[in-house]
Every structure is written in C-alpha cells, then in structure tokens.
1. Among the residues of region 27-44, is any open to solvent by 10 Å² or more (accessible area, probe 1.4 Å), closer than 18 Å to ALA99 by Cβ and either free of Cβ contacts under 8 Å to residues at least 24 places away in the same chain or not in a loop (DSSP other than H, G, I, E, B) (or both)?
2. If you check LEU126 against the conditions, is it touching a strand residue (DSSP E or B) at 6+ places or on another chain (Cβ under 9 Å), over 30 Å from TYR3 (Cα atoms) and outside any loop (DSSP other than H, G, I, E, B)?
3. I'm trying to understand the selection: among the residues of region 89-107, which are open to solvent by less than 50 Å² (accessible area, probe 1.4 Å), in contact (Cβ under 8 Å) with a residue 24 or more places away in the chain and part of a helix (DSSP H, G or I)?
4. Report, by residue number, each residue of region 1-26 that is among the small types (Gly, Ala, Ser) and either open to solvent by 30 Å² or more (accessible area, probe 1.4 Å) or part of a helix (DSSP H, G or I) (or both).
5. Since GLU86 meets every condition but one in (1) among the acidic types (Asp, Glu); (2) open to solvent by 70 Å² or more (accessible area, probe 1.4 Å); (3) assigned to a helix (DSSP H, G or I), which condition does it not meet?
6. Looking only at region 51-66, count every residue that is open to solvent by 60 Å² or more (accessible area, probe 1.4 Å) and over 18 Å from VAL94 (Cα atoms) and tell me the total.
7. Can you go through GLY135, GLY117, GLY129 and tell me which one is open to solvent by less than 50 Å² (accessible area, probe 1.4 Å) and modelled with pLDDT under 95?
8. Answer with yes or no whether ALA187 is open to solvent by 40 Å² or more (accessible area, probe 1.4 Å) and closer than 15 Å to TYR14 by Cβ.
Amino acid sequence: LEYGRFEALTFDCYGTLIDWETGLTDAFRPILAAHAVVIDDEDVLARYARYEAAAEAGPYLRYRDVLAAGLNGVAEELGFRPTAEEVDRFSMSVADWPAFEDTAAALAKLKERFRLGVITNCDDDLFAGASRRLGVTFDWVVTAQQARGYKPRQRNFELAFERIDVPRERILHVAQSLFHDHVPAKALGMTTV
C-alpha cells in the first residue's frame, strides 16, 4: 500500500482506537459480581455482541440504549435483572473505556502528515468523553447519532464523504471490524487497512 497517495485517514473508534473489550469487561464485572454470576469474559462479550448487533440493526437507538439492551439481554440469559442504577452506569461506561496503549502517540504522529477523522458507532456526547483519551482533535467526527443509524450501514460512510473535503480515493479507512467497517467501506470504493 502506497500511503503517500492519501491525504486523510478515517478511523473506527471502538475496537480500533479504544479498547472496547476491556471497557465492556470492566463495565460488566461489578454487575455480574453483585448478582453472584461467574462467567468467562469472552463468553459474556460474545453474548453481549449478539444483543448489540440486534439493537443496532433495528430502528435508531441512542448508543446508551444499545448498551442497555445488551446488558439486559445478557442478564436475562444469565438469570438476573440488573438494577436501574447498574443499567445507567453500564450505559455511560463508554466515557471510561481505555484507549489502546499506543493510540494517542500514533494519532499524534499521524496528525503530522494526515488529516484525521472518525466514523464511530456512538453518540456525540459519549464519543466526546472517550475522545479525551485519544490526544488529538479530529478534523471530522461522524457518529451514529448524526447518521441516525449504525455501521455497517453505508449511510454512515456517505455522511463522512459529504463532510470530508478530500476525494474518496485519497481517504484511507482504518478499522478492526470486517463486518462494521471493511465490507461497507470497500463497497463504497474506499481503501481500508
């Protein structure tokens, strides 16, 4: 890949820049412990992912409501009902999810050469809280809240194209998820890594 041909980098946030697995695991642990549920972290994340995907595929919900649906679905499977306070705390936990150790330094270095954007499956306010861990100001931020839906919908990427004043072929999209990012971005003619 010839990186010199790109002017802008767009990133998925959660799973790419922010460690969503650690964030979710840390949000689940006190709730599971309070209800005396012992379960493997990978198992709880796999269960949660099914509920998250279902909530994101339906009519638009705020991301905090997607998180609540995931927690409630997992809790029902595991035979307990979380308290309203637990649901609220879990739904707001995104702002506390950690960045990967090398994220801030890498973004700072990339910002010296490229304009940077984010296309994220999150609400504006929750992303604003998490973005403080990323150490740079992004040139563009496109959230699911702004797009009124969640990736892998192509509309989220199309909204980014409407805002980014760089030709599509000069934008490189960086993401971890094949499902949420690489498949729809490539279908729209983007280069991805």
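The values are calculated or read from the model by the stated rules, or taken from the named source; none is laboratory data. Worth saying up front: this structure is predicted, and the values here are computed from it rather than measured. Neighbour counts run over all protein chains shown; Cβ positions are idealised from the backbone, glycine included. For accessibility, only protein heavy atoms count, side chains too; no ligands or nucleic acids. Shrake-Rupley method; radii C 1.70, N 1.55, O 1.52, S 1.80 Å.
1. Yes - at least one qualifying residue is present in region 27-44.
2. Numbers: touching a strand residue (DSSP E or B) at 6+ places or on another chain (Cβ under 9 Å): yes; over 30 Å from TYR3 (Cα atoms): yes; outside any loop (DSSP other than H, G, I, E, B): yes.
Yes, satisfied.
3. First pass over region 89-107, keeping only residues open to solvent by less than 50 Å² (accessible area, probe 1.4 Å): 90-91, 93-95, 97-99, 103-104, 106-107.
Subsequent filtering for residues that are in contact (Cβ under 8 Å) with a residue 24 or more places away in the chain retains 90-91, 93-95, 97-99, 103-104, 107.
The answer is PHE90, SER91, SER93, VAL94, ALA95, THR103, ALA104, LEU107.
4. Step one: list which residues in region 1-26 are among the small types (Gly, Ala, Ser), which gives 4, 8, 15, 23.
Across region 1-26, the qualifying residues are GLY4, GLY23.
5. If we test GLU86 against (1) among the acidic types (Asp, Glu); (2) open to solvent by 70 Å² or more (accessible area, probe 1.4 Å); (3) assigned to a helix (DSSP H, G or I), just (2) comes out false.
6. Summing the residues that are open to solvent by 60 Å² or more (accessible area, probe 1.4 Å) and over 18 Å from VAL94 (Cα atoms) in region 51-66 gives 3.
7. Numbers: GLY135 fails: open to solvent by less than 50 Å² (accessible area, probe 1.4 Å); GLY117 fails: modelled with pLDDT under 95.
When all the criteria are applied, what remains is GLY129.
8. Working: open to solvent by 40 Å² or more (accessible area, probe 1.4 Å): yes; closer than 15 Å to TYR14 by Cβ: no.
Criteria not met by ALA187.
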